[in-house]
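Everything on this sheet refers to the single structure shown next.
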Amino acid sequence: MKELTTRAISGAIYILLLIGALFMQEALIVLLAIFGILSLIEFSKLIKLKSYFQFGIFLLLYLGFWYICIFHKTLNESDVAIQILLVITIFVNLLLIKDLFAEKKIPLFQSKRYIATTFYLTSGFIFMLLIANFNGKFTPFLLLGGFILVWVNDSAAYVVGKNFGKQKLFPSISPKKTVEGFLGGLFFACVSSYFISIYTETLPFNSWLILAIIVSVFGTFGDLIESKFKRQAGVKDSGVIMPGHGGLLDRLDSLIFAVPFVYLFLRILNYVS
């Protein structure tokens, strides 16, 4: 009971911080930067990267794209930088998915460690920032909708999997995940997309429905990839910053991996409309 109370309190603080920051652009920018650095600390320990260089890269890229969001809203050169980052990030994420299926262990030679910290983790927080400032406008409810989809997907997958799960999804990496849990998470995320479309008044239902599928599928990949990193490191959690939950990366791994694909869909949607 005590563990459940601790878990509930730390989870509530985490959610309140996020939702509170969504009402002020500057607060959200600072909070995402803090979350990013804390997640990078945890991830660097997982992959045994004993360096500070990755933190310099994070600050350089994050501040650079923050400057683009705030001051260079219409420059073509800025858009080119975003497109280059998007292409590289998605390519690296697809390679991580390939490693998930094809490799017993994710190769972690030195250059790949820096590639992972830059284009897997750092890019994830940059695309959260870009989604919250999409098309040069402060659009926090787009990002909030993404968070809600992740929370609903993860919670429903856990409940459905625990009560009805029989077929293992990826037993060698995450024995508790089941096909039934994944499908349950996907179903309830799709249902929640209807309410998100109504209450956020950002995108039509059909767009949020597609986003629900993107978040469920790629969020699950993100969770499995982080689980594989943890299994290689021989640890249960990425950290201890959130009592009852583990590390911050444990709570954000799904969104970090999914947001580049969410941003890509928003770009395509904006282009065709």
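State which residue is surrounded by the fewest Cβ atoms within 10 Å (Cβ to Cβ) when the search covers only segment 263-273 and only residues that are farther than 13 Å from residue 129 by Cβ and in contact (Cβ under 8 Å) with a residue 24 or more places away in the chain.
270
Tell me, please, whether a residue that is of a type in the set (D, E, K, R) and not in a helix (DSSP H, G or I) can be found in segment 139-157.
If we filter segment 139-157 for residues that are of a type in the set (D, E, K, R), which is where we start, we get 154.
From what is left, the residues that are not in a helix (DSSP H, G or I) are none.
So far as segment 139-157 goes, no, none of its residues is of a type in the set (D, E, K, R) and not in a helix (DSSP H, G or I).
Report whether or not residue 30 is exposed (fewer than 11 other Cβ atoms within 10 Å of the Cβ), at pLDDT 80 or above and of a type in the set (A, V, I, L, M).
The answer is no for residue 30.
Give 85, 40, 96, 49 a once-over and let me know the one that is in contact with a Phe, Trp or Tyr (Cβ under 8 Å, 6 or more places away or on another chain), outside any helix (DSSP H, G or I) and either in contact (Cβ under 8 Å) with a residue 12 or more places away in the chain or closer than 15 Å to residue 126 by Cα (or both).
49 is the lone residue from the list that is in contact with a Phe, Trp or Tyr (Cβ under 8 Å, 6 or more places away or on another chain), outside any helix (DSSP H, G or I) and either in contact (Cβ under 8 Å) with a residue 12 or more places away in the chain or closer than 15 Å to residue 126 by Cα (or both).
Please determine, by comparing only the residues of segment 119-145 that are under 14 Å from residue 35 (Cβ atoms) and aromatic (Phe, Trp, Tyr), which one is surrounded by the most Cβ atoms within 10 Å (Cβ to Cβ).
In this case the residue turns out to be 127.
How many residues does segment 198-216 contain that are hydroxyl-bearing (Ser, Thr, Tyr) and without any contact (Cβ under 8 Å) to a residue 12 or more places away in the chain?
Looking only at that region, the number is 1.
Tell me whether segment 107-121 contains one or more residues that are part of a helix (DSSP H, G or I), under 22 Å from residue 174 (Cα atoms) and free of Cβ contacts under 8 Å to residues at least 12 places away in the same chain.
no
Please find, among 94, 40, the residue that is within 17 Å of the chain's Cα centre (by Cα), surrounded by fewer than 16 Cβ atoms within 10 Å (Cβ to Cβ) and either closer than 24 Å to residue 174 by Cα or of a type in the set (Phe, Trp, Tyr) (or both).
Details: 40 fails: surrounded by fewer than 16 Cβ atoms within 10 Å (Cβ to Cβ).
Being within 17 Å of the chain's Cα centre (by Cα), surrounded by fewer than 16 Cβ atoms within 10 Å (Cβ to Cβ) and either closer than 24 Å to residue 174 by Cα or of a type in the set (Phe, Trp, Tyr) (or both) holds for just one of 94, 40, which is 94.
Go through (1) without any contact (Cβ under 8 Å) to a residue 40 or more places away in the chain; (2) farther than 28 Å from residue 230 by Cβ; (3) of a type outside the set (Ser, Thr, Tyr) and name the single condition residue 180 misses.
(2)
In segment 210-243, what count of residues is obtained for those that are assigned to a loop (DSSP other than H, G, I, E, B) and of a type in the set (A, V, I, L, M)?
3
Filter segment 59-80 for residues that are of a type in the set (A, V, I, L, M, F, W, C), modelled with pLDDT under 95 and surrounded by fewer than 16 Cβ atoms within 10 Å (Cβ to Cβ) and give the result.
Residues satisfying the conditions are 63, 70, 71, 75, 80.
Could you identify the single residue in 216, 207, 192 that is modelled with pLDDT of 95 or more, of a type in the set (Ser, Thr, Tyr), surrounded by 19 or more Cβ atoms within 10 Å (Cβ to Cβ) and more than 17 Å from the chain's Cα centre (by Cα)?
192
Could you list, in sequence order, all residues of segment 45-56 that are under 19 Å from the mean Cα position of the chain (by Cα) and either farther than 15 Å from residue 252 by Cβ or at pLDDT below 90 (or both)?
Selection gives 45, 47, 54, 55.
Given the criteria assigned to a loop (DSSP other than H, G, I, E, B) and either without any contact (Cβ under 8 Å) to a residue 24 or more places away in the chain or surrounded by 14 or more Cβ atoms within 10 Å (Cβ to Cβ) (or both), does residue 104 qualify?
Here the answer is yes, as residue 104 does meet what is asked.
The values are calculated or read from the model by the stated rules, or taken from the named source; none is laboratory data. Remember, predicted model here, so these are calculated numbers, not experimental data. Please note: Cβ atoms are built from the backbone with ideal geometry, for glycine as well, and neighbour counts cover all protein chains shown.
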